[in-house]
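So the structure is just underneath, and the comments pick up after that.
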Amino acid sequence: MNRKRWMIIAAVLCVTMAGCSKRQQAETAGEMAVAADTLRTESLYQQQENAFGHCELTVDWPMSGGRQLVDALREYIVTSLFEGGYSSLPDDPDSLVALWCQRKLASFEKSLTDMKISVQSSDEAPEEGMKVLKAWENDQLVTYEVSGFSYFTGGGRGTFGTRGATFRKRDGHRYGKEILTHTDDHLHELMLQGLMRFFEVSDLEGLKQKLTIAPDMLPMPTYPPYLMADGLRFQYNVYDICRFDDGDPWFSIDWEDIEGYLNL
């Protein structure tokens, strides 16, 4: 199995990153005072590997735009990468992504040492990766998506997943479950139809064979749905509603069908 390309999900709390980075110091007041619907990002990539493991990280870092939006997106990124606070983190984004990999490798080394596990080859070494990317935007909204994979060692399956969040450009507001005005039987039916498309089954009986819960008991995903080019995205975690081998189900409800439910 080629695991080098797989990435890890990280789900954490939201806290604002303090201070001004070297890049921020280089940004002029004019750059940060641009229209709220304008967002400029830079792709940052880091890959590190040693005898104890391998890690990769890709981030679309907000460089300029409406001040509140940039702050909200940077907060989301930083707190998606690091748990337990932010006061000791570097301000410079390049140093930030490098630190994420450094901490992962240090964690691998400690775990392997504590468990007295010897890694014989790169295929056995722990791996973690993560992507925090701008997934969609229009003049008023922008969506970021976090996805990734984690594998320790010893032949286990590893873990993986995806989540996302939609932000309002004019003030940086991040939509949670309130992105939906309400739920009803019709929305539930649209969700079941979305899962039928994901599992490539044609009817409810086929869907029952895929799910580990009864279709009429289908819950909302743990994380709120978010907007994408094809509509409102619903993303489940591994094991939420189906077996591991069927992955982390997702589907989108078309804009036309979901419009009456959106609270934007």
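The values are calculated or read from the model by the stated rules, or taken from the named source; none is laboratory data. Because the structure is a prediction, the values reported are computed rather than measured. Cβ atoms come from the backbone with ideal geometry, glycine included; neighbour counts cover every protein chain shown. Areas reflect the complete protein model, heavy atoms only, side chains present, ligands, DNA and RNA absent. Shrake-Rupley method; radii C 1.70, N 1.55, O 1.52, S 1.80 Å.
If each residue of separation counts as 0.36 nm, what is the full-extension length gain between residue 117 and residue 50 once their alpha-carbon separation is subtracted?
Using 0.36 nm per residue and subtracting the Cα-Cα distance, I get 22.6 nm.
Packing-wise, with mean Cβ within 10 Å as the measure, how do 48-57, 246-255 rank, highest first?
Highest to lowest by the protection proxy: 48-57, 246-255.
What distance in nm lies between label points placed 7 Å from Cα along the C-beta direction at residue 107 and residue 40?
In this crude label model, residue 107 to residue 40 measures out at 3.4 nm.
Working out 0.36 nm times the residue gap between residue 124 and residue 83, then minus their Cα-Cα distance, what length gain in nm do you get to one decimal?
12.1 nm
With Cβ to Cβ distances under 10 Å as the rule, what net charge do the other residues near residue 226 carry (K, R +1; D, E -1)?
Details: positive: 163, 174, 233; negative: 145.
Local net charge: +2.
Give the ranking of 116, 110, 208, 134 by solvent-accessible surface, highest area first, calculated with a 1.4 Å probe.
116, 110, 208, 134
Quick one: compute the contact order of the range 60-202, relative version, from alpha carbon pairs under 8 angstrom and 6+ residues apart, as a percent.
It rounds to 20 percent for the range 60-202.
Calculate the FRET efficiency for residue 98 and residue 222 from the Cβ-Cβ distance with a Förster distance of 25 Å, rounded to the nearest 0.05. Write out the running numbers ahead of the final one.
Values: r = 30 Å, r/R0 = 1.22.
In this case the efficiency is close to 0.25.
Tabulate in residue order the Karplus-calculated ³J(HN,Hα) for the range 45-54, using 6.51 cos²θ - 1.76 cosθ + 1.60 with θ = phi - 60°, rounded to whole Hz; enter x for Gly and Pro.
Along the range 45-54, the couplings run 9, 9, 9, 9, 8, 8, 5, 9, x, 9 Hz.
At a Förster radius of 30 Å, what calculated FRET efficiency corresponds to the Cβ-Cβ distance of residue 208 and residue 254, to the nearest 0.05? Don't skip to the end; give the middle numbers.
Values: r = 24 Å, r/R0 = 0.81.
So, using R0 = 30 Å, E works out to roughly 0.80.
Among 176, 212, 187, flag the residue with its Cα farthest along the positive direction of the charge dipole of the range 166-224, charges on Cβ as +1 for Lys/Arg and -1 for Asp/Glu.
The one lying farthest along the dipole's positive direction is 176.
Determine the gain in length on full extension of the stretch residue 229-residue 245; use 0.36 nm per residue of separation and subtract their C-alpha separation, reporting nm with one decimal.
On the way: separation 16, 0.36 × 16 = 5.76 nm, distance 2.73 nm.
Extra length from residue 229 to residue 245 when fully extended: 3.0 nm.
Once you've got the Cα coordinates, tell me which of 110/177; 134/210; 134/177; 104/208; 104/169 are over 28 Å apart.
Too far apart for the 28 Å limit: 110/177; 134/210; 104/208; 104/169.
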